[in-house]
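Visitor: There's a structure below that I have some questions on.
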Amino acid sequence: MDTPPLSGSDSDSDDSLVTDKELQDAFSRGLLKPGLNVVLEGPKKAVNDVNGLKQCLAEFKRDLEWVERLDVTLGPVPEISGPQSPPQDKDQKAVDPENDFQREMSFYRQAQAAVLAVLPRLHQLKVPTKRPTDYFAEMAKSDQQMQKIRQKLQAKQAAMEKSEKAKQLRALRKYGKKVQTEVLQKRQREKTHMMNAIKKYQKGFSDKLDFLDGDQKPLARGSKEGAKGQQTKKGPNAKRRYKNQKFGFGGKKKGSKWNTRDSYDDVSSFRAKTAHGKGLKRPGKKGSNKRPGKRTREKMKSRTREATSLCA
């Protein structure tokens with residue numbers, strides 16, 4: 001019975017099976033060592049095919065005039081450091097490729113040498129090297145594209161202006177709220193100051209009515225300190241005087257009502273009627289009520305009404 005031909009995947013699996021068998025045989029012989037086995041290829045041999053290179057060069061080489069090619073091969077322009085400067089033939093070899101400044105200067109001097117050598121040659125061939133004053137160059141982008149760019153820039157600028165105006169409006173709103181808050185706080189302070197002044201006047205701490213003026217402004221800190229200094233020079237302030245008048249001041253307070261030998265012997269203030277309850281009324285006994293009662297007051301009101309009606 002013939003077997004069908006193997007596909008590409010089947011042939012690859014057979015090759016891998018054969019390879020596995022070979023590896024197993026090599027391992028059984030002891031030829032394989034533990035680790036990664038890498039197939040080492042031999043070094044590539046460089047081929048210098050001169051004829052092939054010349055043939056490729058002849059295929060794309062074109063014999064054109066120098067004006068069409070504009071190629072020059074020159075070294076860097078010599079440096080002029082003084083009147084007696086020695087020629088530098090090995091200047092290009094002296095450039096350090098790792099030094100950026102020297103490398104860029106060598107490029108610049110080489111380009112300068114090429115320009116100095118080529119300009120006279122171009123003038124000799126009557127090739128213009130400068131742009132005329134009435135030179136007109138077509139733009140790289142069309143007018144339609146530039147119009148789109150202009151519109152986009154205008155839209156961007158308008159959006160920026162709108163955003164800036166919105167920021168200014170927000171700042172003005174914040175400033176307005178801040179001013180309004182300051183005004184309300186100022187009014188609250190003035191109200192508190194006036195209420196305190198009224199309380200002091202009612203309690204007798206102050207005898208001035210300046211707080212009733214609407215345009216009164218709170219005294220500054222310096223003026224307050226000056227007023228305090230004047231008060232201390234003149235004497236105690238109104239609050240201290242009020243407390244002295246109410247509670248007394250000076251002398252011994254504690255134990256002032258204790259009995260002593262002198263107070264025990266002093267009977268000058270003794271009153272017999274007061275002591276036996278004959279003179280002054282006792283605290284528990286009620287005195288005569290001078291105010292008439294409710295029924296009496298109603299009768300009095302009705303009489304006054306009748307009298308007024310008769311008079312009318």
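The values are calculated or read from the model by the stated rules, or taken from the named source; none is laboratory data. Since we're looking at a predicted model, the values are computed, not measured. Every residue, glycine among them, receives a Cβ derived from its backbone with ideal geometry; neighbour counts consider all protein chains shown. What goes into the accessible areas is simple: the full protein's heavy atoms, side chains included, and nothing from ligands, DNA or RNA. Shrake-Rupley method; radii C 1.70, N 1.55, O 1.52, S 1.80 Å.
Visitor: Which residue, of ASP207, ASP143, is of a type in the set (D, E, K, R) and touching a Phe, Trp or Tyr at 6+ places or on another chain (Cβ under 9 Å)?
Guide: That would be ASP207, the only listed residue that is of a type in the set (D, E, K, R) and touching a Phe, Trp or Tyr at 6+ places or on another chain (Cβ under 9 Å).
Visitor: Please go through region 48-74 and pick out each residue that is under 30 Å from PRO120 (Cα atoms) and assigned to a loop (DSSP other than H, G, I, E, B).
Guide: Hits for region 48-74 are LYS61, ARG62, ASP63, LEU64, GLU65, LEU70, ASP71, VAL72, THR73, LEU74.
Visitor: Going by the structure shown, is LYS224 modelled with pLDDT under 70 and not in a helix (DSSP H, G or I)?
Guide: Criteria not met by LYS224.
Visitor: To continue, here is another question. Restricting to region 130-149, give me the number of residues that are over 30 Å from VAL115 (Cβ atoms) and either open to solvent by less than 100 Å² (accessible area, probe 1.4 Å) or within 34 Å of the chain's Cα centre (by Cα) (or both).
Guide: Qualifying residue count, region 130-149: 5.
Visitor: Next question, about the same structure. Is it the case that region 189-198 has a residue that's surrounded by 10 or more Cβ atoms within 10 Å (Cβ to Cβ), over 17 Å from LYS239 (Cβ atoms), under 33 Å from the mean Cα position of the chain (by Cα) and polar (S, T, N, Q)?
Guide: No, every residue in region 189-198 fails to be surrounded by 10 or more Cβ atoms within 10 Å (Cβ to Cβ), over 17 Å from LYS239 (Cβ atoms), under 33 Å from the mean Cα position of the chain (by Cα) and polar (S, T, N, Q).
Visitor: A further question follows. Would you point out which residue out of LEU153, LEU172, LEU209, LEU219 is at pLDDT 90 or above and either more than 22 Å from ALA238 (Cβ to Cβ) or out of contact with any Leu (no Cβ under 6 Å at 6 or more places or on another chain) (or both)?
Guide: LEU153
Visitor: Tally the residues that are surrounded by 12 or more Cβ atoms within 10 Å (Cβ to Cβ) and not in a helix (DSSP H, G or I), restricting the search to region 98-129.
Guide: Here the count works out to 1.
Visitor: From ASP10, ASP91, grab the single residue that is of a type outside the set (Lys, Arg), within 30 Å of GLN124 (Cβ to Cβ), modelled with pLDDT under 75 and open to solvent by less than 70 Å² (accessible area, probe 1.4 Å).
Guide: ASP91
Visitor: Shifting gears a bit: Please give the number of the condition LEU74 fails out of (1) modelled with pLDDT under 75; (2) under 60 Å from the mean Cα position of the chain (by Cα).
Guide: Only one criterion is unmet by LEU74, namely (1).
Visitor: If you take the residues of region 229-238 that are modelled with pLDDT of 55 or more and open to solvent by 100 Å² or more (accessible area, probe 1.4 Å), which of them is farthest from SER206 (Cα to Cα)?
Guide: Once the filter is applied, the top-ranked residue is LYS233.
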